[in-house]
Structure formats: structure tokens, C-alpha cells
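Undergrad: After the C-alpha cells below, expect a handful of questions from me.
The values are calculated or read from the model by the stated rules, or taken from the named source; none is laboratory data. For clarity, every value in this text was computed on a predicted model and none was experimentally measured. Note that each Cβ is placed from the backbone with ideal geometry, even for glycine, and that neighbours are counted across all protein chains shown. Accessible surface areas use protein heavy atoms only, side chains included; no ligands, DNA or RNA. Shrake-Rupley method; radii C 1.70, N 1.55, O 1.52, S 1.80 Å.
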Amino acid sequence: MAWTQLPSSVEVVEVGPRDGLQNESTPLAAATKIELVDRLGAAGLRAIEAAAFVSPRWVPQMADGAAVLGGIRRLPGVCYSALVPNERGMEAALAAGVQEVVVFSAASESFAQRNINCSIAESIRRFEPVAQRARAAGVRVRGSVSCALGCPYEGAVAPAAVADVVRRMEQLGCDSVDIADTIGVGTPGAVQAVFEAAAAVLPMARLAGHFHDTYGQALANVLAALELGVRSFHASVAGLGGCPYARGATGNLATEDLLYMLHGLGIATGVDLQAVVDCGEFISRAVGRASTSRAARALLAARAHASAPGASH
Ligand code: HMG
Ligand code: MG
């Protein structure tokens, strides 16, 4: 079967330095985070979520966002974004020279309460001045809708509930909105239903897929969304991540796995997969944990085999 609906290129948004590292309990030095962001940019990633300006009491690992954004070597054409929960975070993000802010709410009330300590409606009210400041400063605003395919506290989430939050984010002035499967429970049919509902509010070209791989469905979900016309996908190097307020949720789809599939389909990303494998090795050593990326492990095994004495080339 030919994949006639597939595009010639897609955007890969690297969220490892934020979504990935926020879940690590061992404090990492800002210098390590800076080196990770720099390596990812050098590998060709053009959208990197580099930091969060949230309460350090809530997410201690993200307390050094200003140092990270201040220390990176900014490459032309790369958009460095940061998560912002309120006006205070917005001020700090602007002072640190952010190029895009991510405002985040949820499709389930229970998750919004656990993650940002307020209702969905209150979160949107908090984001109004944030979006205004962003517009005045010429900074892009991206919205993220957590628990779009299921909630750890409420279970199933209706596509209409997701579309409702997308609509509120569109009214805020978000340039684009992420449909996030925070706990990785979605399957391809459910993903298509959610994107179809969301696209009735915001064009598919302004939606992105943010899939966690808890149930091993993330790549299938990317393909399902690609078929519908989604052209932007989030991933985390080495499959780092999880959300501190979604127990049991594993990391994001690994960037290496996403790139391997996209390149195999002939879809250009502008990213050097082997260089991302090296980034994954770097950060896996720093956090003291093996990469969960199947493609990275296979590529590293192939490298080791190729460089073994007596290997034929
Ligand atoms: P709160 O406790 O309701 O609010 O937190 P507060 O105003 O009472 O603030 C609590 C403390 O934080 C105070 O400090 C504030 O000053 C301080 P204290 O006086 O107690 O020492 N504070 C801040 N400090 C720094 N920067 C700020 C800031 N704001 C307040 N911006 C709040 C409400 C929203 C702040 C809190 O709940 C919070 O920060 N939540 C963020 C949680 C988070 O980052 N979760 C993970 C990211 S979401 C995610 O991963 C999902 C996503 O990847 C998509 C997906 O996969 O679903 C996006
Ligand atoms: Mg996430």
C-alpha cells in the first residue's frame, strides 16, 4: 500500500530538555542542560523546548530556566521555547529571551487541579495576560492540552472536551496547539477522533501531536495523525520524561524512534538521526539511565558491530 497522504517534510519539536528532564529527581547542573540543548540544535532540531518557568516548589528540576536560556548558544533559525504557567513565569521567560511560550491546561478538570492547582477555566483566565504580554513582545504562544486521550484520575476523555479547550486556546491567541497524550493511553483510532474534533476548531496545520509511549502506541499514533494532515510532532531524546503529576506515565516518544520512522517513510525533518543518537548517549549518561529508544539502541549496536575487529565494511 502506498502512503499517498504523507507529506514531504514535517516539524519535529524536541521536548527532552523540558518535558524529559522535569521528571528526573536527581538535580542536573544547568551546564548539562545547556550542553544538551546546544547538541540538539547542532543535530538540526529547529524547535527545542528548553526550560519551564514554573514554581520551583512544584517542579524543582526546572528551577534554573533562566540560567539555561541564558547559557545556550543560540543558532539562527532555531526556536527556543519555554513552559509558562502564569504572569510571573512569563516575566521571567521574557527576561531570559524566550522565543515562544507554552501555556498549558488539560482536557480533564482533575488533572488541571493536580498539575496547576486550578480549574481549566481559571487556567485560561491566567493565560490571558500572558498571551497579551507575548503579543506585545512579539513572542509566539503555543497551547498544550494535557490528557487529551485519557486522564490518570478520570479515565476516558471525550474528544469534545479536548476541542473545547482548543477553542479557548485559539481565542486566547495561541498560534498553535498541542494535543497531548500525557499518559500514553491513546490508540490510532482514538487519536484520529481527537484530531478531527480539534480540527473543527483550529486547522490541522496549527495542531501538533505530543505522544507519550507508555503503552507503546506513540509511533502508530504519529502515523494516524500524519494521515489526517498533522505536520508537527513532539519527541524527547532518549525517550526521557514523564509528568510528575501523572504517576506511571513513561517518557515521550523518543526522538530517535520518530526520526527513524519519518526518514524511512521518505519524510524530511532536517535532523541528523546519528547526531541525535549521540545526544541521547550524552544525556543518558548524565541522568544515569539507559535510553528507552529502540532505534537508538539498534543504531548503537550497529555502530559497535561495524567498529568491531574483523567487521566487514
Ligand atoms: P500554586 O501553589 O497554586 O500558586 O501553584 P502560588 O501562587 O501559591 O505559588 C506557589 C509558590 O510558587 C509561591 O512560592 C510562588 O511565589 C511560586 P512561595 O511563596 O510558596 O515560596 N511561584 C512561582 N515561582 C516561580 N515561577 C513561577 C511561579 N508561580 C508561582 N512562575 C502554579 C500554581 C501554576 C505556579 C504551580 O502549580 C506550578 O508551577 N505548576 C506547574 C507544574 C508543572 O510544571 N507540571 C509539569 C508540566 S505540564 C506537562 O508536563 C504536560 C505537557 O508536557 C503536555 C503533556 O504531556 O500533557 C505540557
Ligand atoms: Mg508531556
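Undergrad: Anything in the range 120-156 that is away from ligand 1 (no atom under 15 Å from the Cβ) and basic (Lys, Arg)? List them, or say none.
TA: Listed by number, the residues that qualify are Arg135, Arg140.
Undergrad: Right, next: So in the range 73-82, with the set limited to residues that are open to solvent by 10 Å² or more (accessible area, probe 1.4 Å) and within 19 Å of the chain's Cα centre (by Cα), which one is farthest from ligand 1 (Cβ to nearest atom)?
TA: Taking the range 73-82 first, the residues open to solvent by 10 Å² or more (accessible area, probe 1.4 Å) are 73-77, 79.
Cutting the leftovers down to within 19 Å of the chain's Cα centre (by Cα) gives us 77, 79.
Working: Gly77: 24, Cys79: 16 Å.
Only one residue fits best here, namely Gly77.
Undergrad: Name the single residue that is modelled with the highest pLDDT among those in the range 201-229 being charged (D, E, K, R) and assigned to a helix (DSSP H, G or I).
TA: Selected residue: Arg206.
Undergrad: Which residue, of Leu21, Leu28, Leu36, Leu45, is in a loop (DSSP other than H, G, I, E, B) and crowded, with 24+ Cβ neighbours inside 10 Å?
TA: Of Leu21, Leu28, Leu36, Leu45, the one residue that is in a loop (DSSP other than H, G, I, E, B) and crowded, with 24+ Cβ neighbours inside 10 Å is Leu45.
Undergrad: Residues in the range 83-92 that are crowded, with 23+ Cβ neighbours inside 10 Å and not in a helix (DSSP H, G or I): how many?
TA: Here the count works out to 3.
Undergrad: Still on this structure, please answer the following. Can you name every residue in the range 266-288 that is open to solvent by 40 Å² or more (accessible area, probe 1.4 Å), outside any helix (DSSP H, G or I) and within 26 Å of Thr182 (Cβ to Cβ)?
TA: Gly288 - this is the single residue of the range 266-288 that is open to solvent by 40 Å² or more (accessible area, probe 1.4 Å), outside any helix (DSSP H, G or I) and within 26 Å of Thr182 (Cβ to Cβ).
Undergrad: Just to check your reading of the model, which residue among Ala308, Ala238 is open to solvent by less than 50 Å² (accessible area, probe 1.4 Å), free of Cβ contacts under 8 Å to residues at least 60 places away in the same chain and farther than 24 Å from Asp175 by Cα?
TA: When all the criteria are applied, what remains is Ala308.
Undergrad: Scan the range 107-142 residue by residue and report those that are in contact (Cβ under 8 Å) with a residue 60 or more places away in the chain, surrounded by 22 or more Cβ atoms within 10 Å (Cβ to Cβ) and not in a helix (DSSP H, G or I).
TA: Here is the first cut: in the range 107-142, the residues in contact (Cβ under 8 Å) with a residue 60 or more places away in the chain are 111, 114-115, 140, 142.
Subsequent filtering for residues that are surrounded by 22 or more Cβ atoms within 10 Å (Cβ to Cβ) retains 111, 115, 142.
Answer for the range 107-142, where residues must be in contact (Cβ under 8 Å) with a residue 60 or more places away in the chain, surrounded by 22 or more Cβ atoms within 10 Å (Cβ to Cβ) and not in a helix (DSSP H, G or I): just Arg142.
Undergrad: Confirm whether Val185 is touching a helix residue (DSSP H, G or I) at 6+ places or on another chain (Cβ under 6 Å) and within 14 Å of ligand 1 (Cβ to nearest atom). Break it down into steps so the answer makes sense when it comes.
TA: Details: touching a helix residue (DSSP H, G or I) at 6+ places or on another chain (Cβ under 6 Å): no; within 14 Å of ligand 1 (Cβ to nearest atom): yes.
Answer is no for this residue.
Undergrad: Oh, and also: Suppose we keep only residues that are assigned to a loop (DSSP other than H, G, I, E, B) and in contact with a strand residue (DSSP E or B) (Cβ under 7 Å, 6 or more places away or on another chain) within the range 93-106. Which one would you say is surrounded by the most Cβ atoms within 10 Å (Cβ to Cβ)?
TA: This residue is Val98.
Undergrad: Hey, another quick one. When you scan the range 143-167, how many residues do you find that are outside any loop (DSSP other than H, G, I, E, B), surrounded by 18 or more Cβ atoms within 10 Å (Cβ to Cβ) and either among the aliphatic types (A, V, I, L, M) or free of Cβ contacts under 8 Å to residues at least 60 places away in the same chain (or both)? Explain how you work it out, then say what you get.
TA: Of the range 143-167, the ones outside any loop (DSSP other than H, G, I, E, B) are 143-146, 151, 155, 159-167.
So of that shortlist, the ones also surrounded by 18 or more Cβ atoms within 10 Å (Cβ to Cβ) come out as 143-146, 151, 159, 161-163, 165-166.
Still in the list and also either among the aliphatic types (A, V, I, L, M) or free of Cβ contacts under 8 Å to residues at least 60 places away in the same chain (or both): 143, 145, 151, 159, 161-163, 165-166.
Number of matching residues: 9.
Undergrad: Considering only residues that are touching a helix residue (DSSP H, G or I) at 6+ places or on another chain (Cβ under 6 Å) and more than 30 Å from Tyr153 (Cβ to Cβ), look in the range 244-265 and name the one that is most open to solvent (accessible area, probe 1.4 Å).
TA: Tyr260
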